[in-house]
Each structure stands twice: as structure tokens, then as C-alpha cells.
Amino acid sequence: MSVVATAGHVDHGKSTLVAALTGMDPDRLTEEKERGLTIDLGFAWTTLPSGAELAFVDVPGHVRFIKNMLAGAGAVEACMFVVAANEGWKPQSEEHLRILELLGVEHGLVALTKVGLVDAEVEELARLEVADHVSQTFLDNATVVAVDAPTGRGLDELRAALDDLLTAAPPAADRDRPRLWIDRVFPMRGAGTVVTGTLAGGPLRVDDQLEVVPGGIRARVRGLQTRRRSVTDVAPGNRTAVNLVGVSHDRLERGQALVRPGQWEPTRSFDATLSVLAGLDHEVSRRGAYHLYAGSGEHAVRLRILGPDTLSPGETGFVRLHLPLALPLLPGDRFVLRESGRAETVGGGVVLDVAPVVPAGRARPDPEAGRSPAAAAARTVTERGWVDAELLERLSGVRQEPNVGRWVVSEGALTAARHQLRSRIETASTDAGTGPGLGLDVATLDERDRAVLSTLPDVVVTGGRARPAASDPARDTAHFDHPWLSLLDQAPYSPPPPDGIDRALLRELVRTSRVVERDGLYFSPAAIEGAAAVVARLLAAEPAGVTASAVREALGTSRKYLLPILAELDARGITRRRGDLRVPGPRLPRPTDPRD
Ligand SMILES: Nc1nc2c(ncn2[C@@H]2O[C@H](COP(=O)(O)OP(=O)(O)O)[C@@H](O)[C@H]2O)c(=O)[nH]1
Ligand SMILES: [Mg+2]
């Protein structure tokens, strides 16, 4: 099912036309029926001659209800633009067309209504007037169908044109990142809460655990409906009713979004383009009270123009917008800006960066970021240097494989980090007058540097210390192949004592970290690293702490060796002792650490 929004001046026949096409009255409120005026969004649907299913979001045309028009048009990609032949182009014809353009709507047709009220000449003049106003917009060369609801004239032609429109419009994108901007909320007796909206970005399924943002409310999907039929899943691009359990209806409202937890990085400030309408009769500056329309919501915002102080009518510039609540936005999202005092549409634009890190005084966003998720991701990485791959996905919508540890790191930042780490390793490995340096203690490195370490090709790590490969004592000392060392490696957790080993050689092996000494026992460095990895795994399952006997069992060793191993882990900050338990220390390796 595709969704098409109506648009056009009040009383031009939008609701009547939807009713004629669908047999459903979109004006559902009593007040609407009494006043004969659409106040809020209406919904109706039908099956077209081709068999395609079409839903209408019928919007109010009256200037006072532009807010509701915006709530309905936000997630829709095609429109049925209505102009009454007897009245011609009117102020909200113009404003709706501008708004649809700002929202990035690219597909539509024109219904020239009430042609039964005019003669052929007036009808032709109305056609010319419409063609004039839509030229150079997305409706340039759009199909124009003359209709008259009371007599049914033109309705079949309009149905066929709608079929063509749906064929031409691309299917809604599925990025497995559903977002449903809520446009209606109501309680259902005995069945929790129901919200409706136009689903975009990805599917919803029964039993999905979702989050309402803003609000941070978790709720489970108990049921789904499209066109009042119960379904088990809904694809993006559909009008959707979601029956939620776990949340009361009075905590939900239009303007919130239903998303999967953890997929978004809700933001209170973002960078964007702002295109100021050419017809505006004044400049736009930070002074002024603005309302932002994004998704189905209306939000008071503060505006900061990046670069110049003002933007002139017809001009496009960069802005930073500050919201009162964090919204789940993504680069590429469209918005409309209206000035609250004058109740006029100022312009609109495209979200470029949902978590700007460069101060507004220096920020120059990348317009390409609003057109391609890959560009948004690239820009984020360049600006931040280091970005956790999961955060990057939330910020840009793009899943990118980390190139260092769990981070996506820019080339510049990685070069700098490698350079810095290499000089630390070299300093720690050089002769300080008292003999060769011991190398850099890997345990003193933070998580990022440890990840960088594994990308340095000519550095070796032995005994928990990093040295330039050339000065690795394992290579240039004669005792490298000492048989006792391989015995230590073969039985890491019950190592043989250094029987018959020269005391000076033993001291040298300890000094150069080829062997770890603790409480009079000697271990291979791999034994300590292996034990650290085992303890990390145990603690991942038991974060509250593990007993010594649990570690002993996991290592398959005896008390005699276990106690020095634990003491060494405590000394390295890998674990800490708390009563009878070992708890995570500051240097506990991550259980997935590739060096384990
Ligand atoms: N004669 C004639 N009247 C129409 C036609 N379409 C709508 N109307 C009338 O125009 C008025 C406004 O219609 P409505 O659908 O509420 O306009 P909307 O504000 O654009 O939704 C109503 O009284 C309708 O009956 C049409 O094609 N021909
Ligand atoms: Mg109406």
C-alpha cells in the first residue's frame, strides 16, 4: 500500500475527492462534520484498477491548521494536489506547494476540481494558471485531471492517473531501521494503546520491542493493522496502526516516534541546510521565534545561522537548530521552519549532522551528507577521528566495519596515534644508561592504544611489554631457545620450577619479561595473559565477582599455582580482591579482545 497526501487550499474539494475515490469520509471529527471543514488529518484507502492499494492522508487546507498538514505530509512521498477550477490558485495552494517542496516530495498529480461549476474557457484558464504556478517545481509536467465530484466526471481518469503515479514513484526504502512518526493516539478498551502513522525506513512485526522517542518509553507490539486488517508484519511505506502494550495512551502524543531501541541517537541540536522561501518579504536571522516541523511534530526551536548573520529570501545556507527535546533524526531528514509570531513558513531544509562536534562559530557542514548516508558517515569520521562503529551507525545510518578495535578511525587520526604510540614504545625500550629498557607495559595502555598496538607491524609484545621488533630480547639473546621456557609454555598453569637454571640467567629472564615471577614461582607471560582472558570471560558471565575456586576449575590448576596467578592479576590491575571474590579491575581485558 502506498500513501498519498492531499494538498491545496481550503474548500477546494480535497476531502470530497478522497471520499469519492474511496467511499470513506476522511473528516472523522464531529466538529469537522458540523463545520464542513477539515481540522485534523483524515485517513481513507482504496484499491486502484491495477489492484494496487492506496491510502490517502487528507490534510486540512485552512491556514490555521498548517501544523496538522505538516504532521501528515512529513512521511509521505507523493501528493494529490487539489486546485478548484472556479477559484484558481490561492494562498494555501502556494504555501502547500512550497511545503511539499521543502519536505522533498518528488511525485504528484494535480486534480482540477469543481469543473462542473465553470465553463470550458474558465477551466482552460485554470489549467494555464496551475501550469504557471507549478512550473519549475516537482509538479512541472505532472498529469492534470479535471474532476467534478457530484457528477463523477473524471474520477476514472483520476484513478488511472493515481495508478501511474504509484508505478512511477519508487517503493519506500527499507534500511531495517523502522521509524513511525506518531500522528494519532487512542486508548483501546482492554487492548492497551493504539498509535498510527506512516511507517518508513524498515518493517514492524508483532512482538517487536520498541521505544517511544522522546520519552524513552519501552513498549511491545501486540498487534498491527493496515487498512483495519490485522497483520503480523508491516513493510515501510504503509499506513500502520500499532497496538502497544506496556504504555498508557496518556503518555503518548503526536510528534513522538516509534523506533527500535538503540538504533538512533536522539538529538537536541543538529546542523542542516536552510532554504529560505523566495517569496518571504524579510531576511531570516537568529532573532525571531521559530517552530520546527520534523516528522509529525511541532517544536519551538532556537536558530543559529552558521557563517553569516542573516539569510535572504531565496538563499540557502547552513544553520544549527536547538530543540527542547531530543528527536530521533538522521542526516537526510527534511524539516520545515515557520515563524511562530507571524505564522508564516520561512523555509526548510535537510538535516546534515545530528550530533555536531564543531562549535557553531567554525562549523561548515557538508551538504552532501544530506544526500548520501555514506557521505554523512565519512564526514563524521573525518571530524571526530575516532568513532565507535555502533555510534557511527546511529549517527549516519551506515554500518561500517571498524578498522581499529571497535572504532572506525580516520586515516589522519590513526597515523597520529600510531606515531605517538611508536615513540612511547621506543622511549620505553631504549637504553637508559642502566641497560636496555624493558619496553612499554601494555597494561598501562588505554583501550584505544591497545587497539592501535595491534596495527603496528614492527612491534612485538612479549611478557606484556611492547618493544620494537629489532630489540626484542627474544630474538637477540642466546637464551631464547632455553628448553625450560618451552616447558613453561607447555604447562602454563602448573609450570615446572627453574631447576638447574643459572640464577643470573633467571634474573635476566625475569628482567626482560620472558618469565613472570610471583611469590617464588615462575610462569610464562602467556600463562598470565591466558589467565586474564579466562577471568575476563568468567567475569563477563558473573560481573558481581568470581571465586578463586571457579578460576581454579576454569584453569585446571591447583591452589599452589592459582594463588600466585591471582596475585599477579591483582597486581596488574586486571582483577581486584573483594572478600572472597575477584571483581573486575581497571585493566580487565574485554572478553572479545582479539589478543586473548
Ligand atoms: N460542485 C462541486 N462541489 C464540490 C466539489 N468538490 C467539493 N465540493 C464542495 O466544496 C466544499 C468543500 O469541499 P471539501 O472537500 O470539504 O474541501 P477541502 O477543504 O479541500 O477538503 C464542499 O461543500 C463540497 O461539497 C466538486 O467537484 N464540485
Ligand atoms: Mg478537507
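The values are calculated or read from the model by the stated rules, or taken from the named source; none is laboratory data. Being a predicted model, the structure only gives us computed values, none of them experimental. Every residue, glycine as well, gets a Cβ built from its backbone with ideal geometry; the counts of neighbours run over all protein chains shown. Remember, those area values only see protein heavy atoms, side chains included, never the ligands or the DNA or RNA. Shrake-Rupley method; radii C 1.70, N 1.55, O 1.52, S 1.80 Å.
Looking at the square roots a ≥ b ≥ c of the eigenvalues of the Cα gyration tensor of segment 248-369, which shape do they give, rounded for a/c under 1.5, prolate if a/b is larger than b/c, or oblate?
Judged from the Cα gyration tensor, segment 248-369 comes out oblate (a/c at least 1.5, b/c at or above a/b).
If you plug each phi of segment 112-124 into the Karplus form 6.51 cos²θ - 1.76 cosθ + 1.60 with θ = phi - 60°, what whole-Hz ³J(HN,Hα) values come out, in order, with x for Gly and Pro?
Values per residue, Gly and Pro as x: 8, 9, 6, 5, x, 8, 10, 8, 4, 5, 5, 4, 5 Hz.
Please count, across the chain, the pairs of lysine residues with Cα atoms under 19 Å apart that sit 8 or more places apart or on different chains.
Lysine pairs meeting the criterion: 6.
With a sphere of radius 12 Å drawn around the Cβ of Cys79, what net charge do the other residues whose Cβ falls strictly inside it have (Lys, Arg +1; Asp, Glu -1)?
Every neighbour counted, the sum reads -3.
Compute the helix-to-body angle for 373-384: its Cα long axis versus the longest principal axis of the chain, expressed 0 to 90° and rounded to tens.
For 373-384 against the chain, the angle is about 50 degrees.
Taking only DSSP H segments of four or more residues, each worth -39500 (n - 2.57), what value at 222 nm results for the chain once the sum is divided by all its residues, to the nearest 500 deg cm²/dmol?
-8500 deg cm²/dmol
Calculate I(q)/I(0) for segment 355-469 by the Debye formula, one identical point scatterer on each C-alpha and no solvent, and give its log10 at q = 0.16, 0.22, 0.24 Å⁻¹ to two decimals.
With no solvent term, the Cα-only Debye profile gives -0.78, -1.12, -1.26.
Can you bin segment 142-295 into rounded, prolate or oblate? Criterion: square roots of the alpha carbon gyration tensor eigenvalues sorted a ≥ b ≥ c, rounded for a/c under 1.5, prolate for a/b above b/c, oblate for the rest.
In terms of gyration-tensor shape, oblate.
Just how far, in whole angstrom, is segment 111-139 from segment 342-419 if you go by their alpha carbon centroids?
For segment 342-419 versus segment 111-139, the Cα centre distance is 45 Å.
Can you give me the long-range amide H partners of Tyr290? Hydrogens built in the peptide plane at 1.01 Å from N, cutoff under 5 Å, separation of 5 or more residues or another chain.
Val301, Ser340
Averaged per residue, what accessible surface does the chain expose to a 1.4 Å probe, in Å²?
Computed with neighbouring chains in place, this is 45 Å² per residue.
Which ³J(HN,Hα) values in Hz, rounded to whole numbers, follow from the phi angles of segment 217-233 under the Karplus curve 6.51 cos²θ - 1.76 cosθ + 1.60, where θ = phi - 60° and Gly and Pro get x?
8, 8, 7, 9, 7, 8, x, 10, 9, 10, 6, 6, 9, 6, 9, 8, 8
Relative to the longest principal axis of the chain, what angle (0 to 90°, nearest 10) does the C-alpha long axis of helix 525-541 take?
40
Non-local amide H neighbours of Gly108 (under 5 Å, H modeled in plane, Pro and chain starts lacking H): which ones?
Answer set, sorted by chain and number: Cys79.
May I ask for the distance between the Cα centers of segment 196-253 and segment 477-547, given as a whole number of Å?
56
Could you tally the net charge around Pro543, taking each other residue with its Cβ under 15 Å from the Cβ of Pro543, Lys/Arg +1 and Asp/Glu -1?
+4
Roughly how many percent of the accessible protein surface of segment 497-547 is carbon and sulfur, given a 1.4 Å probe and a whole-percent answer?
The value for segment 497-547 is 53 percent carbon and sulfur by accessible area.
Radius of gyration and Dmax for the chain's Cα atoms, expressed in Å?
Here Rg and the maximum Cα pair distance are 33.3, 116 Å.
When Rg is the radius of gyration of the Cα atoms in segment 51-207 and Rh is its Kirkwood radius, what does Rg/Rh come to?
1.01
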